[in-house]
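The values are calculated or read from the model by the stated rules, or taken from the named source; none is laboratory data. Given the structure is predicted, the values throughout are model-derived calculations rather than measurements. With ideal geometry, Cβ positions are generated from the backbone for all residues, glycine too; neighbour counts draw on all protein chains shown.
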Amino acid sequence: MIKAVIFDLDGVVVDTAKFHFVAWNDIAKQFGFEISSHQNEQLKGVSRIKSLDLILEWGHIKLSQEQKTLLLNQKNEAYLAAINLLNKTDILPGILEILTYLKSKNIPVALGSASKNALPILQKLGISTLFNVIVDGNIVQKAKPDPEVFMQAANKLHVLPKHCLVIEDAKAGIDAANNAKMTSIGIGNKEILINASYVLEDTSKLSKKFIDELLKN
Ligand code: B16
Ligand code: MG
């Protein structure tokens with residue numbers, strides 16, 4: 001039986017994945033290559049530092065810690081500039097309705113995101129108060145697929161992991177939910193999110209009826 005819901009941010013609440021992609025691709029281009037869509041899937045849900053390490057590995061590039069820090073800052077500045085104008089209209093279809101519905105039913109809700117920019121993003125979208133708990137990249141030590149982000153959310157909500165539902169768009173996030181022994185809804189491609197308990201094509205398919213079924217069982 002589901003008693004709490006944990007939302008991923010990028011790709012579930014808002015489509016910031018496209019801005020991450022452009023900012024990372026600009027870094028890759030500096031080294032003379034581009035990130036493929038298959039490679040981009042591997043960056044979803046993954047921390048900033050791990051993303052850079054993957055990109056450098058794909059380009060067979062070795063850098064000092066100082067050079068990496070410069071690139072991390074450069075990427076984040078480009079990303080922050082790109083998301084500056086985010087607002088309520090950028091909330092993905094159906095998400096505001098589900099968040100409001102869960103609030104009306106007193107179901108505790110958490111954000112479980114790898115992003116260090118999670119809180120300012122929720123504030124731009126005007127929905128930070130709809131989350132009882134926010135667990136993000138600033139407080140989590142181990143990146144998804146480690147279950148830490150979702151375990152911290154469950155602990156802070158005082159709900160057992162087996163009663164938590166995770167909504168995630170990334171393979172790493174679904175693996176993290178499974179590692180936490182939580183039920184999951186994958187948003188996106190069935191073949192990529194094969195390990196999710198359920199997969200929906202996009203957030204508009206996240207109906208109140210479907211959530212109600214999970215709350216009942
Ligand atoms: P930042 P999520 C993740 O957010 C993104 O999917 C991932 O692409 C990004 O690298 C990561 O946040 C870190 O983001 O650079 O803002 O700290 O999907 O876990 O909400
Ligand atoms: Mg995501």
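Any chance you could count how many residues in the stretch 141-165 are touching a residue at least 40 places away in the same chain (Cβ under 8 Å), within 11 Å of ligand 1 (Cβ to nearest atom), surrounded by 20 or more Cβ atoms within 10 Å (Cβ to Cβ) and not basic (Lys, Arg)?
Selection size over the stretch 141-165: 1.
Could you list all residues from the stretch 25-39 that are under 18 Å from the mean Cα position of the chain (by Cα) and either at pLDDT below 95 or loosely packed, with under 13 Cβ neighbours inside 10 Å (or both)?
Ser37, His38
Filter the stretch 1-14 down to the residues that are within 10 Å of ligand 2 (Cβ to nearest atom) and assigned to a loop (DSSP other than H, G, I, E, B), then identify the one that is surrounded by the fewest Cβ atoms within 10 Å (Cβ to Cβ).
In this case the residue turns out to be Gly11.
So which residues in the stretch 72-90 are touching a residue at least 24 places away in the same chain (Cβ under 8 Å) and hydroxyl-bearing (Ser, Thr, Tyr), if there are any at all?
Once the filter is applied, which keeps residues that are touching a residue at least 24 places away in the same chain (Cβ under 8 Å) and hydroxyl-bearing (Ser, Thr, Tyr), the stretch 72-90 yields only Tyr79.
Of all residues in the stretch 119-134 being in contact (Cβ under 8 Å) with a residue 60 or more places away in the chain and among the β-branched types (Val, Ile, Thr), which is surrounded by the fewest Cβ atoms within 10 Å (Cβ to Cβ)?
Top of the filtered list is Ile127.
Just to verify a result, which residue in the stretch 19-59, among those that are among the charged types (D, E, K, R) and within 12 Å of ligand 2 (Cβ to nearest atom), is nearest to Ile83 (Cα to Cα)?
So the residue we want is Lys44.
May I ask you to verify whether Ile83 is in contact with a strand residue (DSSP E or B) (Cβ under 9 Å, 6 or more places away or on another chain), surrounded by fewer than 20 Cβ atoms within 10 Å (Cβ to Cβ) and closer than 25 Å to Asn25 by Cβ?
yes
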